[in-house]
1. Return the residues of segment 113-158 that are assigned to a loop (DSSP other than H, G, I, E, B) and in contact with a helix residue (DSSP H, G or I) (Cβ under 7 Å, 6 or more places away or on another chain); say none if nothing qualifies.
2. Take Ala175 and tell me if it is crowded, with 18+ Cβ neighbours inside 10 Å, assigned to a helix (DSSP H, G or I) and not hydroxyl-bearing (Ser, Thr, Tyr).
3. Does segment 147-192 hold any residues that are under 13 Å from Ala136 (Cβ atoms) and of a type in the set (S, T, N, Q), and which are they?
4. Surrounded by fewer than 17 Cβ atoms within 10 Å (Cβ to Cβ) and either of a type in the set (Val, Ile, Thr) or at pLDDT 90 or above (or both): is that true of Leu124 in this structure?
5. Out of Ala85, Ala67, Ala52, report the one residue that is among the hydrophobic types (A, V, I, L, M, F, W, C) and at pLDDT below 60.
6. Could you figure out which of (1) at pLDDT below 90; (2) under 14 Å from Pro189 (Cα atoms); (3) among the polar types (S, T, N, Q) isn't true of Thr76?
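The values are calculated or read from the model by the stated rules, or taken from the named source; none is laboratory data. What you see is a predicted model; the values in this text were computed from it and never measured. In this analysis, Cβ positions are derived from the backbone assuming ideal geometry, glycine residues included, and neighbour counts consider all displayed protein chains.
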Amino acid sequence: MTVEEQTDEIRQSTMPRSFGPDDLEPFPNSETGAKAKGEFEIVLGPKQLSIALFLLLAQMGLVAGIAYTVGRSSGTVQPKRAVTAAVFDVTTPAVPVVSEPVPVAREMAAVPAPKHELTPPPGLYLQVGSLDVSGASASVAALTAKGFPARLAPGSSDNTFRVLVGPVPDGKTSAITDSLGDLGYLSFPKRY
C-alpha cells in the first residue's frame, strides 16, 4: 500500500459520514411487525434536545420582545379629562343653595386681587380645585353661573389659587358635594 492510499484510508475512516434517508432504519409496522418503507425514527440525544429547547425558548423570547415593542409603540395614552363647557350643561344643582351667589367681575378673571385680600371669611368651604389664575377664575365664573357661591382663595404657592364653594350651611355638605360631583367636580371640605 502506498502512502497516498494510506492517507485516503485514514481520511475516510476519520471523516464524519453523512447520513441520508436510506441510512435510517424504518419503524416496524405496528400491525405486522415488519419495517415499513418511508418511515423513520429520529433519536435526539441530550445535546440535541438541549439545543432544540434553547432555540424554542429563544424564538419565544423574540416573539415576546416584538409584541412588547409593538404594543408599547402603538398603545394609546388616556388624555387627561379636561373641564369643558359640556360639563356645565346641567340645568340646576340638585340641592338649592341657601346663600346668594357672589358676583364675579370680569376684571377679577383678568387680574385677581392680591392674595391677602382673597382670604375668605371664616366658615366651612368645599374646595373644588387649586389652579393658576386663568383656570381658577374660569371655574369660579362657571360655578357662579350654575348658582354656587364660588370664590377664589390663596393657594399653596404665589401662582396658584384655590376654588372654593361656600360658606356651606350646616348639614348641607354632602348634598352640595353630590351636586358638585354631578357637574364633574371632586370636592373636599376646608375650614377657614
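1. The answer is Lys146, and nothing else.
2. No: the conditions fail for Ala175.
3. Ser156, Ser157, Asn159, Thr160, listed by residue number.
4. yes
5. Of the residues listed, the single one that is among the hydrophobic types (A, V, I, L, M, F, W, C) and at pLDDT below 60 is Ala85.
6. (2)
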